[in-house]
Amino acid sequence: MDTQVAIIGGGPSGLLLSQLLNRAGIATVILERSSRDHVLSRIRAGILEWGTVELLREAGVGARMEAEGFPHDGTFLTDAERMVHIDFKGLTGKQVMVYGQTEVTRDLYDAQDAMGTTILHGVEDVSIHDLDGPVARVDYTLNGERRSLTCAYVAGCDGFHGVSRQTIPEDKRREFERVYPFGWLGILSRTPPVSHELIYANSPHGFALASMRNANLVRCYVQVPLSDKAEDWSDDRFWAEFRRRLPSETAARLITGPSIEKSIAPLRSFVSEPLRWGRLFLVGDAAHIVPPTGAKGLNLAASDVFYLHQALTDALQTGSKGGIDAYSDRALARIWKAMRFSWQMTTMLHRFEGEDSFAERMRGATLAHLAQSEVARRDLAENYVGLPF
Ligand SMILES: Cc1cc2nc3c(=O)[nH]c(=O)nc-3n(C[C@H](O)[C@H](O)[C@H](O)COP(=O)(O)OP(=O)(O)OC[C@H]3O[C@@H](n4cnc5c(N)ncnc54)[C@H](O)[C@@H]3O)c2cc1C
């Protein structure tokens, strides 16, 4: 065999899995379609559950996160003028870490380079074969030349549009999906955060999220119709709409500035079952997508990696197949709970086009209940900081 585990996709899932396997003495090769610069330029997740923080430490990539990340003790949910504080630390004893996916990915690339792992960029036309035989094979094209890689196992870490999930025959896959009728327009701006913690705003004008990366870099979002284009939104138009969706006292503190990135992300809930097909295992966005409202996408990728790296290590080092046999069920049990939470947060905080006044009252009642009930706040906090792996 050319390697023990072939990993398709050099995003956070593929890199973290490779890093943990390499540290356990298992050889990997990563095949990534895009350039490293492209992977590192994608502005995505920013909130790490504590379980993800601990897994990154275990992978030996915690140092810069410890120095430059920001632990947050809670978050705010608001509607027109009401602010409800969810005190994660007081309610669960746990925090979350504000540290961008771009930084996590950069730390992982640096660590993988230090381990000497082979990461091939610009790989095209990946196809996966022999998943029910003794040795699997991955074919790919690099610099115009067709090549093959033989391996014991294949990890499909190639995101929602990748090839791995499609390799499982259609009649053996079951897909579950909910597409939401709106997207998030996000901007990155070198301005100070409007609040020391994130604000999830359920306003009569639609949802807004005030998030951040550091003391002078914010990531802010507004809910927009799917028909909108990022170019339709000047910075002034964005900030005016964002301000309108915050409680007035908070809006009065808002400092605005030019955007350095602006994009629209559609919102979707999606799960494909099973996560295993012979010698192939699906990980992260290759198998599931959550709307970003619950900050779960990257964190679910991390918990999949946690289960799979243990399972592959056992299979390759002791011959014990119990972990790989259980991988799909173990990971899916946690995935579905995060799906439920992300769907619930999305429903609670967004205006749905054409909705009736009943739906609006339900959102208001949910927030009112959270304001009054410590039990309700603890439930939200427990899910937000992340259920145990
Ligand atoms: C706007 C936005 C905000 C988000 N906010 C959060 C948040 O706050 N918290 C959170 O936890 N999550 C969040 N997420 C989700 C998070 O970014 C993803 O869940 C995460 O990127 C999943 O990592 P992954 O490695 O599984 O997939 P990806 O990051 O998609 O990586 C897959 C990699 O595979 C490569 N690839 C694809 N096809 C092939 C192929 N055929 N051959 C070779 N390589 C291939 C791709 O180029 C890519 O590099 C957000 C996402 C978006 C879009």
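The values are calculated or read from the model by the stated rules, or taken from the named source; none is laboratory data. Values in this document were obtained by computation on a predicted structure and should not be read as measured data. Using ideal geometry, Cβ is built from the backbone for each residue, glycine included, and neighbour counts are taken over all protein chains shown. When the accessible area is computed, the model is the full protein with side chains, heavy atoms only, and any ligands, DNA or RNA have been set aside. Shrake-Rupley method; radii C 1.70, N 1.55, O 1.52, S 1.80 Å.
The condition (being open to solvent by 10 Å² or more (accessible area, probe 1.4 Å) and within 13 Å of the ligand (Cβ to nearest atom)) is satisfied by just one residue among Val96, Val135, Val126, Val154: Val126.
Set side by side, the residues Ile289, Ile335 differ, and just one is open to solvent by 20 Å² or more (accessible area, probe 1.4 Å) and within 16 Å of the ligand (Cβ to nearest atom), which is Ile289.
Listed here are the residues, each with its yes/no results for (1) of a type in the set (Ser, Thr, Tyr); (2) assigned to a strand (DSSP E or B); (3) within 30 Å of Arg57 (Cβ to Cβ).
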site: Leu298; (1), (2), (3): no, no, yes
site: Phe306; (1), (2), (3): no, no, yes
site: Tyr327; (1), (2), (3): yes, no, yes
site: Ile335; (1), (2), (3): no, no, yes
site: Phe341; (1), (2), (3): no, no, yes
site: His369; (1), (2), (3): no, no, no
site: Arg377; (1), (2), (3): no, no, yes
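Among the residues here, Arg106 does not qualify as over 25 Å from Ile289 (Cα atoms) and touching a residue at least 24 places away in the same chain (Cβ under 8 Å). Look at Arg82 and say whether it is more than 21 Å from Gly297 (Cβ to Cβ), more than 11 Å from the ligand (Cβ to nearest atom), open to solvent by 10 Å² or more (accessible area, probe 1.4 Å) and in contact with a Leu (Cβ under 9 Å, 6 or more places away or on another chain). For Arg82, the condition - more than 21 Å from Gly297 (Cβ to Cβ), more than 11 Å from the ligand (Cβ to nearest atom), open to solvent by 10 Å² or more (accessible area, probe 1.4 Å) and in contact with a Leu (Cβ under 9 Å, 6 or more places away or on another chain) - is met. Pairing residues of segment 212-230 that are farther than 17 Å from Thr102 by Cβ with residues that are among the β-branched types (Val, Ile, Thr), at Cβ distances under 8 Å and at least 6 apart in sequence or on separate chains, gives Val224/Ile264; Asp228/Ile264; Lys229/Ile264; Ala230/Ile264. Of the residues in segment 174-188, none is in contact (Cβ under 8 Å) with a residue 24 or more places away in the chain, within 22 Å of Glu68 (Cβ to Cβ) and more than 12 Å from the ligand (Cβ to nearest atom). For segment 43-58, what are the residues that are near the ligand (Cβ under 7 Å from one of its atoms) and out of contact with any strand residue (DSSP E or B) (no Cβ under 7 Å at 6 or more places or on another chain)? Residues satisfying the conditions are Arg44, Ala45. Within segment 1-44, the set of residues being closer than 26 Å to Gly186 by Cα, at pLDDT 95 or above and basic (Lys, Arg) comprises Arg33, Arg36. Can you name the condition, by its number, that Ser34 falls short on among (1) near the ligand (Cβ under 6 Å from one of its atoms); (2) not in a loop (DSSP other than H, G, I, E, B)? It is condition (2) that Ser34 fails. When we screen Ile199, Ile187, Ile168 for residues that are crowded, with 21+ Cβ neighbours inside 10 Å and touching a Lys or Arg at 6+ places or on another chain (Cβ under 6 Å), the only hit is Ile187. For segment 368-388, a residue qualifies if it is surrounded by 18 or more Cβ atoms within 10 Å (Cβ to Cβ) and of a type outside the set (Val, Ile, Thr), and the qualifying residues are Leu370, Arg377, Leu380, Ala381, Asn383, Tyr384, Gly386.
For segment 251-286, residues that are open to solvent by 20 Å² or more (accessible area, probe 1.4 Å) and among the small types (Gly, Ala, Ser) total 5. If the condition is being touching an Asp or Glu at 6+ places or on another chain (Cβ under 9 Å) and not hydroxyl-bearing (Ser, Thr, Tyr), then segment 162-182 contributes Gly162, Val163, Arg165, Arg173, Arg174, Glu175, Phe176, Pro181, Phe182.
Hey, does segment 247-268 have a residue that's closer than 30 Å to Val138 by Cα, of a type outside the set (Asp, Glu) and under 25 Å from the mean Cα position of the chain (by Cα)? For segment 247-268, residues closer than 30 Å to Val138 by Cα, of a type outside the set (Asp, Glu) and under 25 Å from the mean Cα position of the chain (by Cα): present.
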